[in-house]
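Asker: Dropping a structure here in structure tokens format, bear with me for questions.
Every read-out reported here was derived from the displayed coordinates using simple, explicitly stated rules and does not represent laboratory data. Note that the structure is a prediction, hence the values are computed from the model and not measured. So basically every Cβ, Gly included, is an ideal-geometry build from the backbone, and we count neighbours across all protein chains shown.
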Amino acid sequence: MRRLAVGVEYDGGPYSGWQVQSTARSVQALLEASLSRIADHAVETTCAGRTDAGVHARAQVAHFDTAAVRTRRAWLLGTNNYLPDEISLHWVRPVPDHFHARYSARSRTYRYLILNRSARSALAAGRALLVHQPLEEALMQQAAAHLLGEHDFSAFRSSQCQSHSSVRELQSVEVGRHGDWVHIDVTANAFLHHMVRNIVGLLLAIGMKRVPPERARQQIEGRERSRGEATAAAHGLYLWRVDYPPEFGLPADSAIMEPHVVV
């Protein structure tokens, strides 16, 4: 048996999320079915971060073990041939047996995309959140500073979160604007359920001047989700990047777009 890692991108709109579910379509189930056809045996995958229903991925990473001997090209093109249009592999790499898509990751970055203008976009529908009211990204960035570092993020987790600890280390939050497009990049060692979407919900309220930037500090210190702002919609969220130690030789980023490009 040998271990392979794959880079996966997908439009999460039509799916119930990454994880296999008995009553709904999932990205994992379709990926495993396609890989199994190429391997000619059942394949089980483990991913870097399980995404929720409607959430997209630009750079999901998964690993699996196989006895099949195939070229990288055969794995890549063969698997993509059986996948629906919304899911695609963009690289395949052999990795050591101790590599683990989840536990070997040093950090994960999620990007939230916002179209900040009056007119809706036919091309961005389902791929970004439309916000009509002008956003003050400087206020959003000011508020984000209160969230950096290691904190108890109880006020930013969903009631369905099953994590034993609500303590996480938020390494960076960057708010940027390119014309009508605003993006929020959030990097951490790991995330709680709905943590990024709840952070975005707070920053949106601050950007629209509904609450002051100090609300971020107050919310994290209060540790009460019930007093938080609304959870941002899933369709604006992307698993943007997963960083691993260089020893594994994985691609540093997606080939389809540079990190500074919004869309």
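Asker: Can you work out ³J(HN,Hα) from phi for every residue in the stretch 232-243, in order, using Karplus 6.51 cos²θ - 1.76 cosθ + 1.60 and θ = phi - 60°, giving whole Hz and x for Gly and Pro?
Answerer: 5, 4, 5, 6, x, 9, 10, 6, 8, 7, 10, 9
Asker: List the trypsin sites (Lys or Arg not before Pro) in the stretch 202-247 that DSSP assigns to loop (not H, G, I, E or B) and whose Cβ has at most 13 other Cβ atoms within 10 Å. Which are they?
Answerer: Lys209, Arg210
Asker: Loop-only check: which GluC sites (Glu not before Pro) in the stretch 103-208 are DSSP coil with at most 13 other Cβ within 10 angstrom?
Answerer: none
Asker: Pop out the ³J(HN,Hα) list for the stretch 2-14 in order, Karplus 6.51 cos²θ - 1.76 cosθ + 1.60 with θ = phi - 60°, rounded to Hz; leave Gly and Pro as x.
Answerer: 9, 9, 10, 10, 10, x, 10, 10, 7, 8, x, x, x
Asker: So, counting K/R as plus one and D/E as minus one, what does the shell of residues with Cβ under 11 Å around Gln219 add up to?
Answerer: +1
Asker: Relative contact order of the chain, please, whole-number percent, based on alpha carbon pairs below 8 angstrom and at least 6 residues apart.
Answerer: Working: 567 pairs, mean separation 60.3, N = 263.
The value is 23 percent.
Asker: Which loop chymotrypsin sites (Phe, Trp or Tyr not before Pro) in the stretch 75-132, with loop taken from DSSP, have no more than 13 other Cβ atoms within 10 angstrom of their Cβ?
Answerer: Passing sites in the stretch 75-132 are Tyr103.
Asker: Multiplying the sequence separation of Arg117 and Gln160 by 0.36 nm and subtracting their Cα-Cα distance, what value in nm do you get?
Answerer: 12.2 nm
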